[in-house]
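No lab work stands behind these numbers, since they all come straight from the coordinates. Nothing here was measured: the structure is a model prediction, and the numbers come from that model. Here the Cβ is made from the backbone with ideal geometry for all residues, glycine too, and neighbour counts use every protein chain on show.
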Amino acid sequence: MAQPAHASASASLLPTDVELVKAARAGESWAQEALFRRHMAVALGLAQRILGRQSDADDVVQDAFVEAFARLDRLEDAQAFAAWLRSIVVHRVGKHLRRQRLLVRLGLRTASPIDPDVLINPGAPQDVVQELRAVYRVLERLPVEERVALVLRRVEGLELTEIASQMDLSLATIKRRLGAAEARLERARGEL
């Protein structure tokens, strides 16, 4: 079905990420707000799926946007803002997970298990639901880098090269981490 003429005309009036990045670099706060509104849902969803908790994800994403806007002058390709922001979110998530695990080891925080039913779409096919439940059961026990790589692969559906880019690691390192995470996942399935 074709869009009404006014809908396509108004869509073409929206500034591109390139235009928004340029304006944000010039100190225009409206451009930062527009970038935030445009990319918030995707960044929050990514953080939630890796962390498993809404409250933690909100904080991580807020920090990721603050970092992105502070480092906007380092973004070489303004058109790649979305991918660059996702990599910042991934790094912030890893940092957050390491900090939380340290607090649990020190007895300053209790571990709270991931509730996969909060993260899984209720309309998802049963085989997908079973796969995601298996992944989320194992996540809490995985080293942080393996956890992030496994979620990016199994939940986000990213290719190995995309995961390497998002995590800022070599392809060989990603393959090793995913191999280790997959082996732990298979062992956990065998224990069920």
Between [x] 26; [y] 41; [z] 57, which entry matches percent of Cα pairs over 26 Å apart as derived from the coordinates of this structure? [y]
Taking the chain as the reference, fit the longest principal axis to its C-alpha atoms, fit the long axis of helix 171-191 to the helix C-alpha atoms, and give the angle between the two in degrees, 0 to 90, nearest 10. 50 degrees
Rounded to the nearest 10 degrees, the helix 54-70 long axis (Cα) sits at an angle to the longest Cα principal axis of the chain of 50 degrees
Report the longest stretch of the chain that contains none of the trypsin sites (Lys or Arg not before Pro) sitting in a DSSP loop with at most 12 other Cβ atoms within 10 Å. 1-70
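Under unit Cβ charges (Lys, Arg +1; Asp, Glu -1), what dipole magnitude, rounded to 20 debye, does the stretch 113-192 have relative to its Cα centre? If you can, show how the numbers build up before the last one.
On the way: 12 positive and 14 negative charges, 61 e Å.
Computed about the Cα centre, the dipole is about 300 debye.
Does the stretch 43-83 come out rounded, prolate or oblate by the C-alpha gyration tensor, with a ≥ b ≥ c the root eigenvalues, rounded set by a/c under 1.5 and, if not, prolate when a/b is larger than b/c and oblate if not?
oblate
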Round to the nearest 0.05 the FRET efficiency obtained for Asp115 and Arg37 when R0 = 35 Å and r is the Cβ-Cβ distance. 0.80
Under 10 Å, Cα contacts only: if you run a Gaussian network model on the chain, which one of Ala43, Ala124, Ala149 comes out with the highest mean-square fluctuation? Ala124
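In the chain, which longest range has no GluC sites (Glu not before Pro) that are both DSSP loop (not H, G, I, E or B) and surrounded by at most 11 other Cβ atoms within 10 Å?
Longest gap between qualifying sites, sites excluded: 77-158.
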List, in order, the whole-Hz ³J(HN,Hα) value for each residue of the stretch 129-146 obtained from phi through the Karplus relation with A = 6.51, B = -1.76, C = 1.60 and θ = phi - 60°; use x for Gly and Pro. 4, 4, 4, 5, 4, 4, 4, 5, 5, 8, 3, 4, 8, 7, x, 3, 5, 5
Within the set of other residues whose C-beta is less than 13 Å from the C-beta of Arg99, count the net charge using Lys and Arg as +1 and Asp and Glu as -1. +3
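Would you calculate the volume per residue, in Å³, of the smallest convex hull containing every Cα atom of the stretch 32-143?
127 Å³
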Report the full-extension gain for the segment Asp127 to Arg189: residue separation times 0.36 nm, less the Cα-Cα distance, to one decimal in nm. 20.9 nm
Can you tell me the orientation of helix 81-105 relative to the chain, as the angle in degrees between its alpha-carbon axis and the longest Cα principal axis, to the nearest 10? 40 degrees
